[in-house]
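Trainee: Dropping a structure here in structure tokens format, bear with me for questions.
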Amino acid sequence: MNRQEIVKIRRIHSKMDLTQYTIKAGHSRAKKPTNSLPHLSSSIQLSLIMPMIRLSTNIKLIDYSLTDPNLQEWAKNFSKFSATTLEYPEEVISVLVTQNETLTFKGTFDPAFLLTVSSPTSNPENNLKWSAAYFDHMKQTLGIADDRGFISFESPGKPYIGYKSTTLEELFKQK
Ligand SMILES: O=C(O)c1cc2cc(O)c(O)cc2[nH]1
């Protein structure tokens, strides 16, 4: 990660609304404003903040993609798109794209998707912007309408993310 990217992440975090929401058993619950998000002082800390994006769709990209019909190429493009949308360097983004013909939506196999976006910067205001951007991307690149998908935005909090055989909370304590 270069200096420019570190400065960019610092800027994002300094602007962040630290009042976050967690979804527990179907209920939206406001968390107390917290300073738990790190004052980022090293690239090691930055590497722990890694937005994760998981997409499942019931279409075969080779048949439907309006941009790149190759699954891996489409996924790489989706990674770049996510980096731009979530305002993170691509180096700290992880994307999983799964084609699964058993995904139903409203009881049919018509083109549809389910998407989970997990990011420390998820909050109601960002989620609104991101929803518009992701639905537009799905329409533009796969032709899937905005009433044929759901997006779940998450920010589980550091004790709920495992990494290096422990959790982010423990890793941040060690910094
Ligand atoms: O502190 C949080 O709420 C937090 C950290 C973190 C890291 C990560 O890689 C995510 O995908 C989400 C997330 N939330």
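Trainee: Any residue that is more than 16 Å from the chain's Cα centre (by Cα), surrounded by 18 or more Cβ atoms within 10 Å (Cβ to Cβ) and more than 13 Å from the ligand (Cβ to nearest atom) - is there at least one of those in the stretch 83-90?
Mentor: No, the stretch 83-90 contains no residue that is more than 16 Å from the chain's Cα centre (by Cα), surrounded by 18 or more Cβ atoms within 10 Å (Cβ to Cβ) and more than 13 Å from the ligand (Cβ to nearest atom).
Each row is one residue, and each column tells you yes or no for (1) within 21 Å of A132 (Cα to Cα); (2) in contact (Cβ under 8 Å) with a residue 12 or more places away in the chain.
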residue: R54; (1), (2): yes, yes
residue: L61; (1), (2): no, yes
residue: N70; (1), (2): no, no
residue: W74; (1), (2): yes, yes
residue: N77; (1), (2): yes, yes
residue: F81; (1), (2): yes, yes
residue: T84; (1), (2): yes, no
residue: P89; (1), (2): yes, yes
residue: L96; (1), (2): yes, yes
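Trainee: Could I ask something else about it? Which residues, taken from the stretch 99-156, are among the acidic types (D, E), farther than 20 Å from T67 by Cβ and part of a helix (DSSP H, G or I)?
Mentor: Across the stretch 99-156, the qualifying residue is only E125.
Trainee: Restricting to the stretch 156-170, and then to whatever is within 12 Å of the ligand (Cβ to nearest atom) and of a type in the set (D, E, K, R), can you tell me which residue is nearest to M52 (Cα to Cα)?
Mentor: Only one residue fits best here, namely K158.
Trainee: Continuing with this model, one more query. Can you name the residue in the stretch 93-113 that is crowded, with 17+ Cβ neighbours inside 10 Å and under 17 Å from P51 (Cα atoms) and is also farthest from the chain's Cα centre (by Cα) among such residues?
Mentor: V97
Trainee: In this structure, does K15 turn out to be within 25 Å of A132 (Cβ to Cβ), of a type in the set (D, E, K, R) and at pLDDT 50 or above?
Mentor: no
Trainee: Based on what the data block shows, is K173 surrounded by 19 or more Cβ atoms within 10 Å (Cβ to Cβ) and either hydroxyl-bearing (S, T, Y) or farther than 18 Å from T57 by Cβ (or both)?
Mentor: no
Trainee: Going by the conditions given, is P120 crowded, with 18+ Cβ neighbours inside 10 Å and either within 20 Å of T104 (Cα to Cα) or of a type outside the set (G, A, S) (or both)?
Mentor: yes
Trainee: What are the residues in the stretch 124-155 that are within 12 Å of the ligand (Cβ to nearest atom) and either under 15 Å from L114 (Cα atoms) or modelled with pLDDT under 95 (or both), if any?
Mentor: F153, E154
Let's see how each residue does on (1) under 19 Å from the mean Cα position of the chain (by Cα); (2) free of Cβ contacts under 8 Å to residues at least 60 places away in the same chain:
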| residue | (1), (2) |
| --- | --- |
| S122 | yes, no |
| L128 | yes, yes |
| T141 | yes, no |
| F150 | yes, yes |
| G157 | yes, no |
| K164 | no, yes |
| E170 | no, yes |
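The values are calculated or read from the model by the stated rules, or taken from the named source; none is laboratory data. Keep in mind the model is a prediction, meaning the values are calculated, not measured. In this analysis, Cβ positions are derived from the backbone assuming ideal geometry, glycine residues included, and neighbour counts consider all displayed protein chains.
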